[in-house]
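S.K.: The structure's right below; bear with me while I get my questions together.
The values are calculated or read from the model by the stated rules, or taken from the named source; none is laboratory data. Note that this is a predicted model, so its numbers are computed, not measured. Heads up, the Cβs are rebuilt from the backbone with ideal geometry, glycines too, and the neighbour counts pull from every protein chain shown.
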Protein chains: 4
Amino acid sequence: MILSIKESVMSVTAPSLEPWQWPEEHWRQLVAQVRAGRPLRPSVWPGGARCAVALSFDADHETNELRDGGKSIGRLAWGQYGSRVGVPRILEVLRRHNVPATFFIPAVAALIHPDEPRRVVDAGHEVAIHGWIHELNSALPGPVERDLLLRSADTIERLSGRRPVGLRTPSWDFSPDTLAIEMEMGLLYDSSLMADEDCYELLLAGGPSGVVELPVEWVRDDAAYFIMHRFQSLRPYMPPTGVFDIFRRELDAAWEAGGLFQLTMHPHVIGYRSRIWILEELIRHAVAKTDVWFATHEQVVRHAVAHAAEGGGA
Amino acid sequence: MILSIKESVMSVTAPSLEPWQWPEEHWRQLVAQVRAGRPLRPSVWPGGARCAVALSFDADHETNELRDGGKSIGRLAWGQYGSRVGVPRILEVLRRHNVPATFFIPAVAALIHPDEPRRVVDAGHEVAIHGWIHELNSALPGPVERDLLLRSADTIERLSGRRPVGLRTPSWDFSPDTLAIEMEMGLLYDSSLMADEDCYELLLAGGPSGVVELPVEWVRDDAAYFIMHRFQSLRPYMPPTGVFDIFRRELDAAWEAGGLFQLTMHPHVIGYRSRIWILEELIRHAVAKTDVWFATHEQVVRHAVAHAAEGGGA
Amino acid sequence: MILSIKESVMSVTAPSLEPWQWPEEHWRQLVAQVRAGRPLRPSVWPGGARCAVALSFDADHETNELRDGGKSIGRLAWGQYGSRVGVPRILEVLRRHNVPATFFIPAVAALIHPDEPRRVVDAGHEVAIHGWIHELNSALPGPVERDLLLRSADTIERLSGRRPVGLRTPSWDFSPDTLAIEMEMGLLYDSSLMADEDCYELLLAGGPSGVVELPVEWVRDDAAYFIMHRFQSLRPYMPPTGVFDIFRRELDAAWEAGGLFQLTMHPHVIGYRSRIWILEELIRHAVAKTDVWFATHEQVVRHAVAHAAEGGGA
Amino acid sequence: MILSIKESVMSVTAPSLEPWQWPEEHWRQLVAQVRAGRPLRPSVWPGGARCAVALSFDADHETNELRDGGKSIGRLAWGQYGSRVGVPRILEVLRRHNVPATFFIPAVAALIHPDEPRRVVDAGHEVAIHGWIHELNSALPGPVERDLLLRSADTIERLSGRRPVGLRTPSWDFSPDTLAIEMEMGLLYDSSLMADEDCYELLLAGGPSGVVELPVEWVRDDAAYFIMHRFQSLRPYMPPTGVFDIFRRELDAAWEAGGLFQLTMHPHVIGYRSRIWILEELIRHAVAKTDVWFATHEQVVRHAVAHAAEGGGA
């Protein structure tokens, strides 16, 4: 059924038509492919907490450069920094404040640094799927995407000792095939889309998928502000104090609303001496509120689902 | 007559000429196509207010991505955020402070979210035209632009319950045909150009058009500072406090001058928890002056025109 | 002689050679085409002032868009803003503080707004050359560049009532032919290059040209921080307070050094209500020092040359 | 042996394969080409200092423009600024605070300004290699890169009076051939890679190279924040106060950790009046700590190596 939906979307695409010429059926099908359904916002959080804080780290390491062809030794060294300096520094901050987090690790990054997934899990954190080599899913045929995701899950399980239950697509590049693959894999959650600030159930072609979205946003992503690319025009133009101010406002307003504060960071981005304080200061700020629940992405989703089943939501 | 003007502009264009080779007649005709005419700055505002504040929201939602081909599920989810989270959050801020605003909604966005236009109007706001699918007018043949704008007006009327009287061209992309179409449609105003900070009458090929421009500017547009595009170099590099400072300075100086403060925002841009405070703080700042008139774009234009007829202007 | 130098530079260029393969003679000739010579830094400024402040405004108006083909009505309206709002607002600030400045006006901009050059001169300011239609000189054959510059000088003289004595190349795009043309035109100064912070004599192929450079820099250009281009990645990402801070530091350090503070602004950039305060606050800051000489570019250059002749410099 | 490694990497590359199709052997070999090995972090610094400060200046001058074809006279003038204003201003700041630094100078820049290397050395600083004409190594055949580096070393030795012992590749563009060439040249250190914040030994295809890496990072590079390129989208969007804040945080945290603070600057970037205070204020800040060791890159590396030999490291 799923493939037929995708085929029917494609079938109404006349390649020679411009978007303003599309028949209504076509743009409605494009929009309906994957959609935010039932909100999964619990009215209470565990322990009577007022809001939840879900920190995540995309440990891409060398795969960002490998995905682009692997020719730059400088960028490969930058990737090694993520594992050699960034991850240990992050783990130390989390340990100091006794805070759990979720690490999304591409399979190839895990194979290059095979001790990292286990070290992360042993420290009490979650490891989840982040693709094979940080590939862009929307550039892949569906069966290739499926094969890479299945192998990624197996690799993460083998190296971390736990079967992963969530997926963040690399670069948040969610293809028309991704959701069906996640359903087939029996994943609990995805964390790549941004239709809300609270968890919600994903709809596939209008029907419930059973997969929960724990939404991300560029506004809560360190790379949006800090990434540097020598041969593009990307530069770290935002002062670190500006980034902290944004993250803090997101956190404070989530607390006001009794909702979820989710944050995406990268070891090779936040790990620098002039930036790591942002993470530590945010944690201190949240801890000082006394009624904040720090949780892995998996824990947040399980709580949201369980509570919704009791009649919560909306 | 209108088409002949456009044809005559084109006729003096020798495609093989570079701009520095153009005959004077050619660049004079290019400049004269659409021009700022009679200023429409009232010397007084209703209720003895010292300045007018015209807030607007371009509710593009999924159409930004559809206009580009509709292939990114991530960007479609981002569009859904605008309607699911952004618009309700904005409406709540406006309600709390009892402030009217104008929402420019592409027809396709309105069709995807058919209850939104009515909800906006029922809350006391104006809904106006913002194209069909956020198309770029300058890439369209004139008759196609005309057809899309006529259908857009009908769609907005049907879904909002009121015939729209104003148009903001998507991306402020005003084509050589736009003004003639606006005249034919009998529109009261356009809000896409930027030759002044006060309202003015648009001239078509040197003659009065009867259409009023309520001018916009990138300096007063949230997207200029905050937009993110994964595959371009656009990043939200400006700290929110910097954006607030700019908007506040524009407002304060409009108040000093006794003029108009117009602002363009987007539900999928300003709606985030770390940014929505900019809108609320601006409103508080204006309200504290006690002599500010908040109005829809239509109200501002009607007042400016009525007053100019009494001998105001300049 | 001049053309033969240019020819000789070109003659050693083997088009198939990469820069790292160039013979030394070739890169030496490239570097030697136009060079900073004798420094022209006076040890004293008129009236015993400690430093000189040379404010300039490039009144490009519609020519930025015309130079690119003139297709965007929105950008033409933006250009009109420069003349309709920007220039009057700037003139008012300068008048209020009784400060002279230099306006560089492309000939086509002057022809579109024929009263502007005279109004500027009547207010006590200098008008100088800024090309024909804001063309890029380095894209033009030498004779075309020469023809446009000669016609530009005549146009400015006719509309301002004074023969211009200085040239700022549009976009500071100084071609291998520019200096020879400036010499032929008998110009006093150029203001497009950036090899120093004080005035200096330009060398043509190693020999004195008699033309003085009053140097510019992107660091002292409002457009570098504020320009917006819808279809490029240029956005006004720098907060106005940041721009003021940079300009103030340049001014303070020029005062410390007893040198020259030169600034480039644009009516369609600095003229906005949220930015014009930068100009006014800078002037106030300089005035408060009590020993600052505000002067046109021409006045600065004449003083620098006269003083150097007395044995100053270095 | 070295070439055979490179050949074997290439041999497993099937050009028709996409990265996600690569056999594991291929991406493992890509990653293993050049790798961070043994950490060289001394537990003590000379004189009981708590941290080391290694300031460096890449004196590219005209070579940035020559490398790109040398057509822009404006950018060549900008390059001259680096030597005419930037270097003397930097030397004066270093002299005032009696602080040593390392200058990386492309051979062609040294040939254009032949007195500069000696002047730098005479003031107590180190001069090291920075390529021939700021070429991009990864675009060159190995023998060409080797020839240019050998000639660069000879040129620097002749003009500075000292044989250089370190190399910073232009634009930090480290090719698959660079390390083998550095080994052949007997260089003490490289300063182009970024796998750590402390010194480390470089591994070539898994084996010790004997060459020490003194790592750089864009986060500690003035050009990342300040560079301007008229025809790209690069603008100096970061306020100088923001850049100072980042550098100070890097320095303070290096001091906390007892490690190394390395900084890359450029005379044509940091030399401006509104930026040079960043360097001076940083030096004052470090001096005020009383237990900071300022050293050239060579001195830092020699100390790190000597100490590691005594059993330090890790």
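S.K.: Please verify whether segment C:136-153 includes one or more residues that are away from chain D (no Cβ under 12 Å), within 20 Å of residue C:105 (Cβ to Cβ), buried (at least 23 other Cβ atoms within 10 Å of the Cβ) and of a type outside the set (A, V, I, L, M).
M.R.: The answer is yes; a qualifying residue exists.
S.K.: Answer yes if at least one residue in segment B:253-274 is within 22 Å of the chain's Cα centre (by Cα) and among the charged types (D, E, K, R), and no otherwise.
M.R.: Checked against the condition, which is being within 22 Å of the chain's Cα centre (by Cα) and among the charged types (D, E, K, R), segment B:253-274 yields no hits at all.
S.K.: Kindly indicate the residue of segment B:189-243 that is in contact with a Pro (Cβ under 7 Å, 6 or more places away or on another chain) and acidic (Asp, Glu) and also surrounded by the fewest Cβ atoms within 10 Å (Cβ to Cβ) among those meeting that condition.
M.R.: B:201
S.K.: Which residues, counting only those in segment A:212-266, are basic (Lys, Arg) and at the interface with chain B (Cβ under 9 Å from one of its Cβ atoms)?
M.R.: Answer for segment A:212-266, where residues must be basic (Lys, Arg) and at the interface with chain B (Cβ under 9 Å from one of its Cβ atoms): A:220, A:235, A:248, A:249.
S.K.: Say whether the condition of being closer than 27 Å to residue A:123 by Cα, among the aromatic types (Phe, Trp, Tyr) and in contact with a helix residue (DSSP H, G or I) (Cβ under 7 Å, 6 or more places away or on another chain) is met by at least one residue in segment A:204-224.
M.R.: no
S.K.: Of all residues being hydrophobic (A, V, I, L, M, F, W, C) and surrounded by fewer than 19 Cβ atoms within 10 Å (Cβ to Cβ) in segment C:244-269, which is nearest to residue C:298 (Cα to Cα)? Just the residue, please.
M.R.: Taking segment C:244-269 and keeping what is hydrophobic (A, V, I, L, M, F, W, C), we get C:244, C:246-247, C:251, C:253-255, C:257, C:260-261, C:263, C:265, C:269.
After this cut, where a residue has to be surrounded by fewer than 19 Cβ atoms within 10 Å (Cβ to Cβ) as well, the list is C:244, C:257.
Values: C:244: 25, C:257: 21 Å.
Out of the qualifying residues, it is C:257.
Per-residue answers, yes or no, for (1) of a type in the set (Ser, Thr, Tyr); (2) touching a residue at least 12 places away in the same chain (Cβ under 8 Å):
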site	(1), (2)
C:151	no, yes
C:165	no, yes
C:171	yes, yes
C:211	no, yes
C:216	no, yes
C:233	yes, no
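S.K.: Does residue C:161 satisfy the condition of being away from chain B (no Cβ under 13 Å), surrounded by fewer than 17 Cβ atoms within 10 Å (Cβ to Cβ) and at pLDDT 95 or above?
M.R.: When the stated conditions are applied, residue C:161 passes them.
S.K.: Follow-up question, since we're still on this one. Only one residue in C:79, C:69, C:86 is farther than 24 Å from residue B:177 by Cα and at pLDDT 95 or above. Which one?
M.R.: Only one candidate qualifies: C:86.
S.K.: Next question. Looking at segment C:82-94, is at least one residue touching a strand residue (DSSP E or B) at 6+ places or on another chain (Cβ under 8 Å), within 30 Å of residue B:198 (Cα to Cα), within 11 Å of chain B (Cβ to nearest Cβ) and not polar (S, T, N, Q)?
M.R.: Yes; the residues of segment C:82-94 include at least one that is touching a strand residue (DSSP E or B) at 6+ places or on another chain (Cβ under 8 Å), within 30 Å of residue B:198 (Cα to Cα), within 11 Å of chain B (Cβ to nearest Cβ) and not polar (S, T, N, Q).
S.K.: Which members of segment A:87-108 meet the condition of being of a type outside the set (Phe, Trp, Tyr) and surrounded by 24 or more Cβ atoms within 10 Å (Cβ to Cβ)? It would help to see each step written out before you state the result.
M.R.: Within segment A:87-108, the first condition is being of a type outside the set (Phe, Trp, Tyr), and the residues that meet it are A:87-102, A:105-108.
If the condition is that a residue be of a type outside the set (Phe, Trp, Tyr) and surrounded by 24 or more Cβ atoms within 10 Å (Cβ to Cβ), then A:90, A:101, A:102, A:105, A:106, A:107, A:108 are the ones that fit.
S.K.: What tally of residues in segment D:37-72 results from selecting those that are within 22 Å of the chain's Cα centre (by Cα), touching a residue at least 12 places away in the same chain (Cβ under 8 Å) and not in a helix (DSSP H, G or I)? Quick ask: steps written out before the conclusion?
M.R.: Kept after step one, since they are within 22 Å of the chain's Cα centre (by Cα), are these residues of segment D:37-72: D:37-42, D:45, D:51-68.
Next, only the ones that are touching a residue at least 12 places away in the same chain (Cβ under 8 Å) stay: D:37-42, D:45, D:51-67.
Among the residues that remain, those that are also not in a helix (DSSP H, G or I) are: D:37-42, D:45, D:51-62.
The total comes to 19.
S.K.: Something else: For segment A:173-186, what are the residues that are touching a residue at least 12 places away in the same chain (Cβ under 8 Å) and in a loop (DSSP other than H, G, I, E, B)?
M.R.: Initially, segment A:173-186 is screened for residues touching a residue at least 12 places away in the same chain (Cβ under 8 Å), giving A:173-185.
Selection gives A:173, A:174, A:175, A:176, A:177.
S.K.: When residues of segment C:170-182 are filtered for being under 17 Å from the mean Cα position of the chain (by Cα) and either more than 10 Å from every other protein chain (Cβ to nearest Cβ) or of a type in the set (Gly, Ala, Ser) (or both), how many remain?
M.R.: Of segment C:170-182, the ones under 17 Å from the mean Cα position of the chain (by Cα) are C:170-175, C:178-179, C:181-182.
If we keep only those that are either more than 10 Å from every other protein chain (Cβ to nearest Cβ) or of a type in the set (Gly, Ala, Ser) (or both) as well, we get C:170-171, C:175, C:181-182.
The number of residues fulfilling the criteria is 5.
S.K.: Looking only at segment B:159-208, how many residues end up being touching a His at 6+ places or on another chain (Cβ under 9 Å) and among the basic types (Lys, Arg)?
M.R.: 1
S.K.: Another question, then. Could you list, in sequence order, all residues of segment D:118-158 that are hydroxyl-bearing (Ser, Thr, Tyr) and within 21 Å of residue D:87 (Cα to Cα)?
M.R.: So in segment D:118-158, the residues hydroxyl-bearing (Ser, Thr, Tyr) come out as D:138, D:152, D:155.
Passing the criteria: D:152, D:155.
S.K.: May I pose another question? For segment A:115-135, how many residues are away from every other protein chain (no Cβ under 14 Å) and not basic (Lys, Arg)?
M.R.: We begin by selecting, within segment A:115-135, every residue away from every other protein chain (no Cβ under 14 Å); these are A:115-129.
Now drop any that are not not basic (Lys, Arg), which leaves A:115-117, A:120-129.
The total comes to 13.
S.K.: Which of the residues belonging to segment A:281-293 are crowded, with 17+ Cβ neighbours inside 10 Å and part of a loop (DSSP other than H, G, I, E, B)?
M.R.: none
S.K.: For segment C:187-198, give me each residue that is within 13 Å of chain D (Cβ to nearest Cβ) and not acidic (Asp, Glu).
M.R.: Step one: list which residues in segment C:187-198 are within 13 Å of chain D (Cβ to nearest Cβ), which gives C:190-198.
Residues satisfying the conditions are C:191, C:192, C:193, C:194, C:195.
S.K.: Considering only residues of segment B:8-37 that are surrounded by 14 or more Cβ atoms within 10 Å (Cβ to Cβ) and at pLDDT below 95, which is nearest to residue C:69 (Cα to Cα)?
M.R.: In this case the residue turns out to be B:13.
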